[in-house]
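The values are calculated or read from the model by the stated rules, or taken from the named source; none is laboratory data. Since the structure is predicted, the reported quantities are computational estimates derived from the model, not experimental observations. Every residue, glycine as well, gets a Cβ built from its backbone with ideal geometry; the counts of neighbours run over all protein chains shown. Note: accessible area is taken over every heavy atom of the protein model, side chains too, but ligands, DNA and RNA are not part of it. Shrake-Rupley method; radii C 1.70, N 1.55, O 1.52, S 1.80 Å.
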Amino acid sequence: MQNYIERQWALCLEDFSKYITSVGMDLWINPLQPITIENDKLVLVAPSEMARTQIYNVYLKRMKEVLKTHFNLEDITVLIPEEKDDYIAQFSERHPNENNVNMVTKTATVKNPFNPRYTFDNFVIGTTNQVIYAAARAVAESPAVRFNPLFIYGGVGLGKTHLLHAIGNYIWEHKTSNINIVYVTCEQFTNAFVEAIRERHEKGMDAFHKLYRQADVLLIDDIQFISNKKSVQEEFFNTFNDLYQAGKQIIISSDRPPKDIATLEERLRSRFASGFIQDIQPPDFETRLLIIQKKIELERFEFEKGMDYELAERLSALNIREMEAILRKIYFLANLHGKTVATHEDMEEVLEKEGEPAPASNSKITKEKIIATVCKYFTIDQKDLTGRKRNKEIVEPRQICIYLMWSLLAIPLATIGQIFGRDHTTIIHARDKIMEMTKSNKQMKKTVNELISELKNGE
Ligand code: ADP
Ligand code: MG
């Protein structure tokens with residue numbers, strides 16, 4: 001029934017727009033929400049008394065003609081929002097067998113509630129978020145088939161809300177049926193529940209249940225704020241169970257894993273554990289670079305060449321939201337200076353104000369310093385590092401040392417060969433091996449990163 005109404009109403013709207021100005025459409029017609037058909041009348045909800053008057057006084061005749069074509073109906077009933085709940089209640093008394101629930105779910109006139117910028121397309125994938133991206137995507141493509149519940153956790157500003165909205169946007173755009181997607185922050189859920197209780201009114205609680213327990217897909221953001229009030233946890237648990245048992249998809253985000261949410265009841269924790277739990281890590285250099293480039297493109301900023309690399313390097317301590325803020329400030333400042341392309345000076349001015357470090361001056365790093373730092377890190381002798389020993393405890397640090405000299409100082413391979421008394425091919429082999437390992441081996445990546453930060457920050 002509801003699908004039929006939506007479909008036919010969409011045809012009516014198309015017809016109206018041939019006769020009614022776009023302002024008239026936007027103001028009066030598009031906001032109308034068809035909710036049901038009763039006694040050969042299409043029942044519509046208008047946003048206000050004024051809108052209703054307008055419909056009756058100005059558009060009624062045209063509306064009847066169009067309805068005749070697409071619904072084979074001759075008349076309408078227009079309600080205003082304050083009347084809607086009573087109408088629905090009475091409707092279900094009059095027609096106990098009709099599924100009146102659909103009457104309050106989304107119709108064609110309801111706009112997509114998700115942030116249009118938070119899509120999968122706008123989400124940059126890197127090594128630190130690719131697993132969760134793939135899981136979110138799978139859930140959006142076929143809800144409640146795999147990964148249920150999906151639990152996403154990670155520090156602030158790393159893309160949790162973005163992914164939740166991306167799932168919502170995707171399902172919304174691809175939905176063929178009247179699938180009910182509900183997004184709520186944990187705080188909103190709690191407040192709505194407390195409010196419903198306070199009303200001491202069956203209707204309040206009913207509406208609350210309807211909203212959450214009739215979701216086909218429920219997205220809950222920032223679950224870490226779940227209160228330790230027993231009643232809220234109980235309600236949440238019941239909602240969760242109802243949906244889960246009915247085969248509905250649940251997606252949850254949090255700033256920490258379930259085991260670290262102190263207020264979370266054990267039984268909820270174990271429910272979460274039955275699904276898929278995955279973290280998002282802060283972005284690494286390549287991901288930061290891609291994100292910066294993506295933001296510049298999306299916001300249509302123009303930045304001088306090379307600034308993206310430099311920012312990716314220097315903003316390593318920031319989360320993505322903070323990175324975005326810096327990009328905006330730089331562009332804003334450039335505009336303030338009357339430029340359309342932001343320059344390195346704008347960047348320095350902003351970073352200085354923000355207290356970001358000046359670029360680590362690589363000139364302080366020397367080959368002697370690299371040797372000393374590597375030796376200290378692995379507690380080995382400098383003589384051994386540059387000597388002939390071939391045991392693993394020496395060979396790997398030596399290769400790392402070669403890699404660092406090549407990548408940080410761009411020392412020619414032949415010169416590095418002289419330092420270590422080895423031929424060119426051995427040096428190339430060492431460099432390639434470590435370069436490869438920093439990509440495939442987490443431990444190696446960590447070691448190299450620690451050495452680099454030691455070299456940049458250490459005395
Ligand atoms: P969280 O909910 O984890 O605190 P958000 O989802 O609000 O973080 O993300 C903060 C900002 O960073 C948003 O503007 C979002 O679009 C952006 N962002 C996060 N991750 C990515 C990503 N991988 N690609 C592009 N933008 C991202
Ligand atoms: Mg968030």
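Checking Ala312 against (1) under 21 Å from Ala135 (Cα atoms); (2) touching a Lys or Arg at 6+ places or on another chain (Cβ under 8 Å); (3) not assigned by TED's automatic domain parsing to the domain that holds Ile167: exactly one of these is not met. Which one?
So Ala312 meets the others, but not (1).
Checking Ile152 against (1) buried (at least 19 other Cβ atoms within 10 Å of the Cβ); (2) away from ligand 1 (no atom under 15 Å from the Cβ), only one condition comes out false. Which one?
Ile152 satisfies all of (1) buried (at least 19 other Cβ atoms within 10 Å of the Cβ); (2) away from ligand 1 (no atom under 15 Å from the Cβ) except (2).
When you scan region 180-200, do you find a residue that is part of a loop (DSSP other than H, G, I, E, B), farther than 22 Å from Leu268 by Cα and touching a residue at least 40 places away in the same chain (Cβ under 8 Å), even just one?
Restricting attention to region 180-200, the residues satisfying the condition of being part of a loop (DSSP other than H, G, I, E, B) are 180, 199-200.
Still in the running and farther than 22 Å from Leu268 by Cα: 180, 199-200.
Add one more test, that the residue is touching a residue at least 40 places away in the same chain (Cβ under 8 Å), and what stays is 180.
Yes, some residue in region 180-200 is part of a loop (DSSP other than H, G, I, E, B), farther than 22 Å from Leu268 by Cα and touching a residue at least 40 places away in the same chain (Cβ under 8 Å).
Condition first: at pLDDT 95 or above, in contact with a strand residue (DSSP E or B) (Cβ under 7 Å, 6 or more places away or on another chain), of a type outside the set (S, T, N, Q) and more than 16 Å from ligand 2 (Cβ to nearest atom). Can you find one or more residues in region 136-147 that meet it?
yes
Does region 415-427 contain any residue that is surrounded by fewer than 16 Cβ atoms within 10 Å (Cβ to Cβ), within 30 Å of Ile296 (Cα to Cα) and not β-branched (Val, Ile, Thr)?
Scanning region 415-427 turns up no residue that is surrounded by fewer than 16 Cβ atoms within 10 Å (Cβ to Cβ), within 30 Å of Ile296 (Cα to Cα) and not β-branched (Val, Ile, Thr).
Out of the residues in region 209-232 meeting the condition of being farther than 22 Å from Phe114 by Cα and within 25 Å of the chain's Cα centre (by Cα), tell me which one is surrounded by the most Cβ atoms within 10 Å (Cβ to Cβ).
Ile226
Tell me whether region 258-268 contains one or more residues that are touching a Leu at 6+ places or on another chain (Cβ under 7 Å) and either open to solvent by less than 50 Å² (accessible area, probe 1.4 Å) or at pLDDT 90 or above (or both). Break it down into steps so the answer makes sense when it comes.
Step one: list which residues in region 258-268 are touching a Leu at 6+ places or on another chain (Cβ under 7 Å), which gives 258.
Imposing the further condition that a residue be either open to solvent by less than 50 Å² (accessible area, probe 1.4 Å) or at pLDDT 90 or above (or both) reduces the set to 258.
So far as region 258-268 goes, yes, one or more of its residues are touching a Leu at 6+ places or on another chain (Cβ under 7 Å) and either open to solvent by less than 50 Å² (accessible area, probe 1.4 Å) or at pLDDT 90 or above (or both).
Got a number for residues in region 156-183 being open to solvent by 30 Å² or more (accessible area, probe 1.4 Å), of a type outside the set (Ser, Thr, Tyr) and within 9 Å of ligand 2 (Cβ to nearest atom)?
Here the count works out to 1.
Condition check ((1) of a type in the set (A, V, I, L, M, F, W, C); (2) touching a residue at least 40 places away in the same chain (Cβ under 8 Å); (3) over 24 Å from His162 (Cα atoms); (4) touching a Ser or Thr at 6+ places or on another chain (Cβ under 7 Å)) across all residues:
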position	(1), (2), (3), (4)
Lys294	no, yes, no, no
Ala317	yes, no, no, no
Met323	yes, no, no, no
Lys329	no, no, no, no
Ala342	yes, yes, yes, no
Glu348	no, no, yes, no
Leu351	yes, no, yes, no
Glu354	no, no, yes, no
Thr366	no, yes, yes, no
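When you scan region 216-299 for helices (runs of 4 or more DSSP H) that lie fully inside it, which ones turn up with 3 or more residues that are in the same structural domain as Ile326 (by TED's automatic domain parsing)?
285-298
Provide a single number: the residues in region 331-340 that are in a loop (DSSP other than H, G, I, E, B) and in contact (Cβ under 8 Å) with a residue 12 or more places away in the chain. Outline the logic, then answer.
So in region 331-340, the residues in a loop (DSSP other than H, G, I, E, B) come out as 337-340.
Those left that are additionally in contact (Cβ under 8 Å) with a residue 12 or more places away in the chain: 340.
Adding up the residues that qualify gives 1.
Quick one: would you say Asn241 is polar (S, T, N, Q), modelled with pLDDT under 90 and open to solvent by 20 Å² or more (accessible area, probe 1.4 Å)?
For Asn241, the condition - polar (S, T, N, Q), modelled with pLDDT under 90 and open to solvent by 20 Å² or more (accessible area, probe 1.4 Å) - is not met.
Identify all residues within region 1-26 that are in contact with a His (Cβ under 6 Å, 6 or more places away or on another chain) and closer than 18 Å to Gln54 by Cβ; write none if there are none.
Within region 1-26, just Cys12 meets the criteria.
For region 155-171, which residues satisfy the criterion of being more than 10 Å from ligand 1 (Cβ to nearest atom) and either among the acidic types (Asp, Glu) or touching a strand residue (DSSP E or B) at 6+ places or on another chain (Cβ under 7 Å) (or both)? Outline the logic, then answer.
In the first step, residues of region 155-171 are kept if they are more than 10 Å from ligand 1 (Cβ to nearest atom); the result is 167-171.
Listed by number, the residues that qualify are Ile167, Gly168, Ile171.
Are any of the residues in region 335-347 under 27 Å from Gln130 (Cβ atoms) and either under 30 Å from the mean Cα position of the chain (by Cα) or within 16 Å of ligand 1 (Cβ to nearest atom) (or both)?
No, that holds for no residue.
Which of the residues that make up region 121-135 are within 11 Å of ligand 1 (Cβ to nearest atom) and open to solvent by less than 40 Å² (accessible area, probe 1.4 Å)?
Asn122, Phe123, Val124, Gly126, Thr128, Asn129, Ile132, Tyr133
State whether the residues of region 173-183 include one that is touching a helix residue (DSSP H, G or I) at 6+ places or on another chain (Cβ under 6 Å), away from ligand 1 (no atom under 16 Å from the Cβ) and among the polar types (S, T, N, Q).
The answer is yes; a qualifying residue exists.
Is it fair to say Met307 is more than 16 Å from Gly126 (Cβ to Cβ), out of contact with any Gly (no Cβ under 6 Å at 6 or more places or on another chain) and open to solvent by less than 70 Å² (accessible area, probe 1.4 Å)?
yes
Looking only at region 374-393, which residues are part of a helix (DSSP H, G or I), surrounded by fewer than 18 Cβ atoms within 10 Å (Cβ to Cβ) and either in contact (Cβ under 8 Å) with a residue 24 or more places away in the chain or touching an Asp or Glu at 6+ places or on another chain (Cβ under 7 Å) (or both)?
Tyr377
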